[in-house]
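*Asks:* Structure provided below as C-alpha cells; questions to follow.
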Amino acid sequence: MSEASAHVVHHGPPTSFIRKHVFSLDHKVIGKQYYALALVAVFTGMVLSWIMRIHLVWPNAPIPLLGLLSKVGAPGGIVTPEYYLSLMTMHGTLMVFFVLTNAPFAAFGNYFLPIQIGAEDMAFPRFNMMSFWTTFIAFCILVAAFFVPDGPPLSGWTAYAPLSAIGKDTGPGEGLGQTLWALSIFVFCIASLLGSLNFIATTLDLRTKGMTLARMPIVSWAWFITSCIALLAFAVLLPACLLLILDRAAGTSFFIPSGLNVSDHLQPHQGGSPLLWQHLFWFFGHPEVYIAILPAIGIVSHILICNMRKPMLSHKTIIYCMMGIGFLSYMVWGHHMFLSGMNPFSALVFSFPTLMITIPATIMTLIWLGSLYGSNLRINSASLFSIGFISMFVSGGVSGFFLAQPSIDIYLHATYFVVGHFHMVMGVAAIMGVFAGTYFWFPKMTGRMMSETLGKWHFFFTLIGTYAIFMPFHYLGLAGNVRRYSAFTDDFLVPLIPVHKFITYAALFTGAAQLIFIFNLIYSRFKGAPAPDNPWECTSLEWSTPSSPPPFDNFGGQHLVVYHDPHQYGVKSSTGDYLMQTSPERAGETP
Amino acid sequence: MATTLQPPQTEAERQPRSHSGTGSGGGFHGSVPDRRSLPAVKDSSGEPTRTGIWVGLSAIAMMFAALTSALYVREGAATDWHHIVLPPILWFNTLALIASSIALEVARRRIAAFMRGQEGNRSVPMLWLQITMLLGLVFVVGQYLAWLNLRSQGLYLPTNPNSSFFYVFTGVHVLHVLGGLGGLTRVMLKFHSTTNPLRRSTLDATSYYWHFMGMLWIYLLFVLWMKL
C-alpha cells in the first residue's frame with residue numbers, strides 16, 4: 001500500500017487515435033470536446049431562435065426545409081403554435097444546459113484549471129472522460145426528440161408539471177419527446193456531478209508547490225466556486241427528474257394532482273403537487289444562473305487584470321463576492337414562483353435575499369469600473385468582449401432590481417421584460433465571457449493567433465446586435481406583451497409588431513455576425529500567425545507551459561514552484577512590467 | 001484514474017525553469033532570488049481520493065435531502081397519505097448492513113497491520129472483506145424480499161404516495177449499495193494483486209462510502225418509519 005504524493009497524476013501519453021482524440025483522458029482534449037459540443041449546441045439553439053423570430057412577425061411565411069424536419073409541427077414549413085412552443089423549449093434547454101453550463105465552466109475549466117494550479121491533469125481523468133461522454137449522450141437524447149413522431153416537448157426549459165408529467169394527452173411532443181427531455185436532463189445531471197467532483201478535488205489537492213489558495217487566479221476561484229454550486233444544485237435536479245420520469249412512465253403521482261381532466265381524458269393520478277416540481281426545479285434553477293455567470297466573471301476579471309497591466313482594486317473582494325453570490329443563490333428560488341399563489345409573506349422572504357444578491361454584484365461591478373478608470377487598457381478582442389460583458393451584466397442586472405419585488409414581478413413576470421432580463425444578464429453576458437476567453441486563450445490552445453481585426457468587427461456587431469435584440473424586450477414587457485405566444489396578429493399587441501420586426505432583423509443580423517467568429521476560429525486554427533508562448537504577457541501558469549498547445553502532461557515533466565500571486569503587473573522585472581508566478585525574482589519598484 | 005506513488009522531490013528538482021514569457025526584457029538584471037525574502041513557498045497538495053469521496057458523499061447527501069423534502073411536501077399536498085406497515089425484514093437488513101460496516105472496519109485494521117508487517121497472513125483480512133461483501137449482498141437480497149412483501153400486499157410503485165416513496169428511497173439506496181459492492185470488489189482485487197497494489201486512500205475511501213451507506217440507510221429507515 002502506498003500513499004500518493006499529491007500533485008503527480010499520471011496517465012501515459014496517448015498512443016492511439018481513439019485515445020488521443022476521442023476517448024481521451026487528457027483534460028485539454030476533454031475541454032476542447034466540451035467547447036465543440038457547446039458550439040454545435042449554440043448554433044442549433046440560435047437557428048431555433050431565428051425560426052421563432054421569423055414566425056413571430058411573419059406567422060404565415062413558410063420556412064425552407066423546416067417542413068422536412070416536422071411534417072406535423074411545421075406543415076409546408078409554417079410553424080404551428082404548438083411547434084413554436086417546442087422550438088422555444090429546445091432553444092432554452094440547449095442554451096442553458098449545453099451552452100451556458102458547458103462552455104464557460106466545463107470547457108474552459110477543464111482546459112485551464114489544472115494548468116493554472118500547476119497540475120498535470122484533473123484528479124480523476126477517467127471520471128473526466130466519462131463526464132464529457134455522458135454529457136454527449138445527454139445531448140444526443142435531447143436532439144433525438146426532434147425526430148420522434150410527435151416531435152420535441154412544449155413545456156419550456158423549466159418543464160412545469162403537470163404539463164410535463166402527464167403524457168401525450170397534453171399536446172404534441174408531450175409523449176416520447178417529453179420523456180426524452182427528462183431522460184436527457186437526468187443524464188446531464190450525472191455528468192455535471194462527476195465534473196464538479198473532479199473540479200473540487202483537483203483544486204483542493206493538486207495545486208503545485210507554492211500555489212496556495214490565495215495565489216490562485218480569480219478565474220480558477222470562479223471555477224472552484226461554480227463547481228461547489230453545481231454539485232449541490234444538480235444533486236437536487238437529478239432526483240427531481242427521476243420523480244418526473246416515474247410520473248410519466250410508472251404511473252406515480254408526485255407532481256400530478258387529483259381530478260385532472262386533459263383532452264377529455266380523466267388522468268389516473270391523484271394527490272400530486274405541481275408546486276413540488278417548481279420548488280425542486282428552481283432550487284436548482286437559480287443557482288444554475290450563477291453556474292453560467294460566475295465562470296464568465298472569473299474569465300473577464302482574469303483578462304482585464306492582464307490587459308490593464310495592474311491588479312484589480314481588490315481581487316480578494318471579487319472572490320468573496322462570488323462566494324456570497326453562491327451562498328445566496330440557494331435562498332432565492334422562490335422569486336421564480338411569485339405567481340404560484342404563495343403567501344405574500346413568503347414572497348417577501350424570497351424577495352429580500354434576492355435584493356441582497358445585488359450587493360456583491362454591485363461591489364464587483366464597482367471594482368471592475370474603478371480598476372478600469374485611469375488604466376492604460378490594452379484594446380484587443382478579449383478585453384473588448386470583457387468590457388462588453390460588464391456592460392451586458394449591468395444592463396441586464398438592473399432590471400433584476402424590479403423583478404425581485406413581488407408587486408412589480410406579478411405584472412412583469414409573464415412578459416417579455418423577464419425574457420430581456422435573463423437573456424442579457426445570464427445569456428449574452430456569459431456568452432461575452434466565452435468569446436473573451438476564446439480570443440484570450442486561443443493562442444495557448446492552438447499555437448496560433450486569431451485575427452484581431454475580425455475579432456473587433458465581431459465584437460462591435462455582436463454588442464450592437466444583442467442590445468438591439470434585448471433592450472426592446474424590456475419595452476415590450478412594460479407594454480404588456482406576454483411571452484410564449486406564437487403570434488400577435490389578432491389582438492391588442494398588433495401595434496407592437498413593428499418592434500418585433502426590428503428585433504427579428506436584429507437577431508438575423510447578430511446571428512450572421514457570428515459567422516465572422518466561426519470563420520476566424522477555423523481560419524486561424526490552420527492559417528493564423530504562429531503564437532508566442534505568452535503573447536499577452538500574462539503571469540499565470542498557463543503561460544508557463546513549454547509549448548502551445550501544452551504537452552500532454554502540461555509542463556513537460558517539470559513541477560513548477562509558485563512564488564507569487566498572479567497579479568504582479570506594473571512592476572519592474574527582467575521580463576518587463578510583469579512577474580510570472582513561477583519567477584523567483586523579487587518585484588522591483590513600479591516603473 | 002491512476003494516482004501513482006512518486007518519491008518526494010528534492011529541492012533541486014523543484015527549481016523552476018525559466019518561464020516562456022516574451023516580455024520586453026526591460027533591462028532589469030541581477031535579480032538574484034533571495035529565498036528568505038520571498039513569499040513562503042509550501043506544498044499545497046493533498047490526497048484527491050479522500051477529498052473526492054467526501055465531495056461525492058456530500059452530493060449523495062444532498063440528493064437524499066431533496067428526496068426527503070419532496071416526501072414531506074407531497075405528504076402535505078393531499079389527503080391520500082395513509083400509513084403502511086414496513087416489512088419486518090427491513091430490521092434484519094439493517095442489522096446486516098451494520099454488521100457489514102463492523103466487518104469492513106475490522107478488515108481495514110487488519111489490512112493496515114498486514115501492510116505494517118504485523119499481520120503475516122493475507123487471508124485473514126481477505127476473509128473479513130469477504131464477510132463484508134456477503135453481508136452487503138444479504139442486505140441487497142433482503143431489500144428485494146421487502147419489495148416482494150409489499151407486492152404481496154398489493155402495494156406497487158404507483159399504488160399510493162407512501163409506496164411510491166418507499167420504492168424510490170430503497171431503490172436509489174440499493175443502487176448506491178451496489179456501487180459500494182463494486183468498490184469492495186475493486187479493493188479485494190487490488191489487495192490480492194501484486195502488480196496493481198492496494199493504496200491506503202482507496203481502502204479508506206471505500207470504507208467511508210460503505211459506512212455512509214449504512215448511516216444513510218438508518219436515516220432513511222427512520223424517515224420511512226416516521227412517515228409511512
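The values are calculated or read from the model by the stated rules, or taken from the named source; none is laboratory data. All values derive from a computational prediction rather than experimental measurement. Positions of Cβ are generated from backbone atoms using ideal geometry, with glycine treated the same way; all protein chains shown enter the neighbour counts.
*Asks:* Working only within the range A:249-268, note down all residues that are surrounded by fewer than 23 Cβ atoms within 10 Å (Cβ to Cβ) and touching a residue at least 40 places away in the same chain (Cβ under 8 Å). Let's see the steps before the verdict.
*Replies:* Taking the range A:249-268 first, the residues surrounded by fewer than 23 Cβ atoms within 10 Å (Cβ to Cβ) are A:249-251, A:257-268.
Passing the criteria: A:A249, A:P257, A:L260, A:V262, A:S263, A:H265, A:Q267.
*Asks:* Sticking with this structure for a sec: Could you check how many residues of the range A:113-172 are within 30 Å of A:P268 (Cβ to Cβ) and of a type in the set (D, E, K, R)?
*Replies:* Number satisfying all stated conditions: 3.
*Asks:* Next question. Can you confirm whether A:M331 is over 30 Å from A:L384 (Cα atoms), in contact (Cβ under 8 Å) with a residue 60 or more places away in the chain and surrounded by fewer than 22 Cβ atoms within 10 Å (Cβ to Cβ)? Spell out the reasoning first.
*Replies:* Details: over 30 Å from A:L384 (Cα atoms): yes; in contact (Cβ under 8 Å) with a residue 60 or more places away in the chain: no; surrounded by fewer than 22 Cβ atoms within 10 Å (Cβ to Cβ): yes.
It is false that A:M331 is over 30 Å from A:L384 (Cα atoms), in contact (Cβ under 8 Å) with a residue 60 or more places away in the chain and surrounded by fewer than 22 Cβ atoms within 10 Å (Cβ to Cβ).
*Asks:* Residues that are within 14 Å of chain A (Cβ to nearest Cβ), without any contact (Cβ under 8 Å) to a residue 60 or more places away in the chain and among the basic types (K, R): does the range B:193-209 have at least one?
*Replies:* Within the range B:193-209, none of the residues are within 14 Å of chain A (Cβ to nearest Cβ), without any contact (Cβ under 8 Å) to a residue 60 or more places away in the chain and among the basic types (K, R).
*Asks:* Just name the residue that is surrounded by the fewest Cβ atoms within 10 Å (Cβ to Cβ) out of those in the range A:173-201 that are free of Cβ contacts under 8 Å to residues at least 40 places away in the same chain and not in a helix (DSSP H, G or I). Working first, answer last.
*Replies:* Just the residues of the range A:173-201 that are free of Cβ contacts under 8 Å to residues at least 40 places away in the same chain, to begin with: A:174-176, A:180, A:196, A:200.
Remaining after also requiring not in a helix (DSSP H, G or I): A:174-175.
Numbers: A:E174: 27, A:G175: 20.
Selected residue: A:G175.
*Asks:* I've got another one for you. Take the range B:103-115 and flag every residue that is more than 14 Å from chain A (Cβ to nearest Cβ) and either in contact with a Lys or Arg (Cβ under 8 Å, 6 or more places away or on another chain) or surrounded by fewer than 16 Cβ atoms within 10 Å (Cβ to Cβ) (or both).
*Replies:* Filtering the range B:103-115 down to residues more than 14 Å from chain A (Cβ to nearest Cβ) leaves B:103-106.
Matches in the range B:103-115: B:E105 only.
*Asks:* Something else now. Is it true that A:H315 is at pLDDT below 95, surrounded by 18 or more Cβ atoms within 10 Å (Cβ to Cβ), farther than 30 Å from B:Y72 by Cβ and not hydrophobic (A, V, I, L, M, F, W, C)? Break it down into steps so the answer makes sense when it comes.
*Replies:* On the way: at pLDDT below 95: yes; surrounded by 18 or more Cβ atoms within 10 Å (Cβ to Cβ): yes; farther than 30 Å from B:Y72 by Cβ: yes; not hydrophobic (A, V, I, L, M, F, W, C): yes.
Answer is yes for this residue.
*Asks:* State which residue pairs qualify: first residue closer than 18 Å to A:P172 by Cα and inside the range A:49-77, second residue hydroxyl-bearing (S, T, Y) and surrounded by 13 or more Cβ atoms within 10 Å (Cβ to Cβ) in any location, beta carbons under 7 Å apart, and separation of 6 or more residues or different chains.
*Replies:* Short answer, once both residue conditions are applied: A:M52/A:Y84; A:S70/A:Y83; A:G73/A:T80; A:G73/A:Y83; A:G73/A:S86; A:A74/A:T80; A:A74/A:Y83.
Yes or no, residue by residue, for (1) over 32 Å from the mean Cα position of the chain (by Cα); (2) more than 9 Å from chain B (Cβ to nearest Cβ); (3) closer than 30 Å to A:I469 by Cβ:
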| site | (1), (2), (3) |
| --- | --- |
| A:A513 | no, yes, yes |
| A:F517 | no, yes, yes |
| A:I522 | no, yes, yes |
| A:P532 | no, no, no |
| A:S544 | no, no, no |
| A:Q558 | yes, no, no |
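*Asks:* Could you check, for the range A:236-248, whether at least one of its residues is outside any helix (DSSP H, G or I) and not polar (S, T, N, Q)? Give the derivation first.
*Replies:* First, the residues of the range A:236-248 that are outside any helix (DSSP H, G or I): none.
Scanning the range A:236-248, I find no residue that is outside any helix (DSSP H, G or I) and not polar (S, T, N, Q), so the answer is no.
*Asks:* Right, next: Would you say A:L87 is over 17 Å from the mean Cα position of the chain (by Cα), buried (at least 20 other Cβ atoms within 10 Å of the Cβ) and closer than 24 Å to A:F284 by Cβ? Even if it seems obvious, please write down each step before you answer.
*Replies:* Numbers: over 17 Å from the mean Cα position of the chain (by Cα): yes; buried (at least 20 other Cβ atoms within 10 Å of the Cβ): yes; closer than 24 Å to A:F284 by Cβ: yes.
Here the answer is yes, as A:L87 does meet what is asked.
*Asks:* Let me ask another. Can you confirm whether the range A:377-392 contains a residue that is closer than 18 Å to A:Y475 by Cα and surrounded by 17 or more Cβ atoms within 10 Å (Cβ to Cβ)?
*Replies:* Quick first cut of the range A:377-392, residues closer than 18 Å to A:Y475 by Cα only: A:392.
Those left that are additionally surrounded by 17 or more Cβ atoms within 10 Å (Cβ to Cβ): A:392.
Yes, the range A:377-392 contains a residue that is closer than 18 Å to A:Y475 by Cα and surrounded by 17 or more Cβ atoms within 10 Å (Cβ to Cβ).
*Asks:* In addition: Out of the residues in the range A:202-216 that are over 17 Å from B:P48 (Cβ atoms) and more than 7 Å from chain B (Cβ to nearest Cβ), state the one that is surrounded by the fewest Cβ atoms within 10 Å (Cβ to Cβ). Give the derivation first.
*Replies:* Narrowing the range A:202-216 to residues over 17 Å from B:P48 (Cβ atoms): A:210, A:212, A:214-215.
Retained after the next criterion (residues that are more than 7 Å from chain B (Cβ to nearest Cβ)): A:214-215.
Numbers: A:A214: 11, A:R215: 22.
Out of the qualifying residues, it is A:A214.
*Asks:* Which of (1) under 23 Å from A:S192 (Cβ atoms); (2) under 22 Å from the mean Cα position of the chain (by Cα) is the odd one out, the single condition A:S301 does not satisfy?
*Replies:* Unmet condition: (1).
For every residue, the table says whether it meets (1) at pLDDT 95 or above; (2) over 22 Å from A:F136 (Cα atoms); (3) basic (K, R).
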residue	(1), (2), (3)
A:M52	yes, yes, no
A:A61	no, yes, no
A:L65	no, yes, no
A:K71	no, yes, yes
A:T89	yes, no, no
A:L94	yes, no, no
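*Asks:* Same structure, new question: Hey, any hits in the range B:184-204 for a residue that's at pLDDT 95 or above, part of a helix (DSSP H, G or I) and among the small types (G, A, S)?
*Replies:* There is no residue in the range B:184-204 that is at pLDDT 95 or above, part of a helix (DSSP H, G or I) and among the small types (G, A, S).
*Asks:* So which residues in the range A:479-496 are in a helix (DSSP H, G or I) and crowded, with 16+ Cβ neighbours inside 10 Å, if there are any at all? Spell out how you get there, then give the answer.
*Replies:* Step one: filter the range A:479-496 for residues in a helix (DSSP H, G or I), giving A:494-496.
Result: A:L496, single match.
*Asks:* If you don't mind, another one. Taking A:N554 as the residue in question, decide whether it is of a type in the set (S, T, N, Q) and at positive phi.
*Replies:* Values: of a type in the set (S, T, N, Q): yes; at positive phi: yes.
In short, yes.
*Asks:* Also, quick follow-up: For the range B:64-89, give me each residue that is within 8 Å of chain A (Cβ to nearest Cβ) and outside any helix (DSSP H, G or I).
*Replies:* Residues satisfying the conditions are B:A78, B:T79, B:D80, B:W81.
*Asks:* Which of the following residues is within 14 Å of another protein chain (Cβ to nearest Cβ) and modelled with pLDDT of 95 or more: B:V177, B:V141, B:V172?
*Replies:* Working: B:V177 fails: within 14 Å of another protein chain (Cβ to nearest Cβ); B:V141 fails: within 14 Å of another protein chain (Cβ to nearest Cβ).
The match here is B:V172.
*Asks:* Right, here's the next one. Quick one: how many residues across the range A:564-574 are under 25 Å from A:K28 (Cβ atoms) and within 7 Å of another protein chain (Cβ to nearest Cβ)?
*Replies:* Within the range A:564-574, residues that are under 25 Å from A:K28 (Cβ atoms) and within 7 Å of another protein chain (Cβ to nearest Cβ) number 1.
*Asks:* Considering only the range A:309-427, give the helices (runs of 4 or more DSSP H) lying wholly within it that have at least 3 residues that are under 22 Å from the mean Cα position of the chain (by Cα). Before the answer, list the steps.
*Replies:* Details: elements: A:315-328, A:344-372, A:381-403, A:406-412, A:416-422.
It comes to A:315-328, A:344-372, A:381-403, A:416-422.
*Asks:* Then there's this: Of the conditions (1) touching a Ser or Thr at 6+ places or on another chain (Cβ under 6 Å); (2) at the interface with chain B (Cβ under 9 Å from one of its Cβ atoms); (3) in a helix (DSSP H, G or I); (4) touching a residue at least 60 places away in the same chain (Cβ under 8 Å), A:A230 satisfies every one except a single condition; which number is it?
*Replies:* (2)
*Asks:* Would you point out the residue of the range A:256-276, among those that are among the aliphatic types (A, V, I, L, M) and in a loop (DSSP other than H, G, I, E, B), that is nearest to the chain's Cα centre (by Cα)? Explain how you work it out, then say what you get.
*Replies:* At the first step, the residues of the range A:256-276 found to be among the aliphatic types (A, V, I, L, M) are A:256, A:260, A:262, A:266, A:275-276.
Add one more test, that the residue is in a loop (DSSP other than H, G, I, E, B), and what stays is A:256, A:260.
Details: A:I256: 31, A:L260: 36 Å.
Ranking the qualifying residues of the range A:256-276, first place goes to A:I256.
*Asks:* So, one more: Take the range B:144-169 and flag every residue that is within 14 Å of another protein chain (Cβ to nearest Cβ) and in contact (Cβ under 8 Å) with a residue 24 or more places away in the chain.
*Replies:* If the condition is that a residue be within 14 Å of another protein chain (Cβ to nearest Cβ) and in contact (Cβ under 8 Å) with a residue 24 or more places away in the chain, then B:L155, B:N160, B:P161, B:N162, B:S163, B:F165, B:F166, B:V168, B:F169 are the ones that fit.
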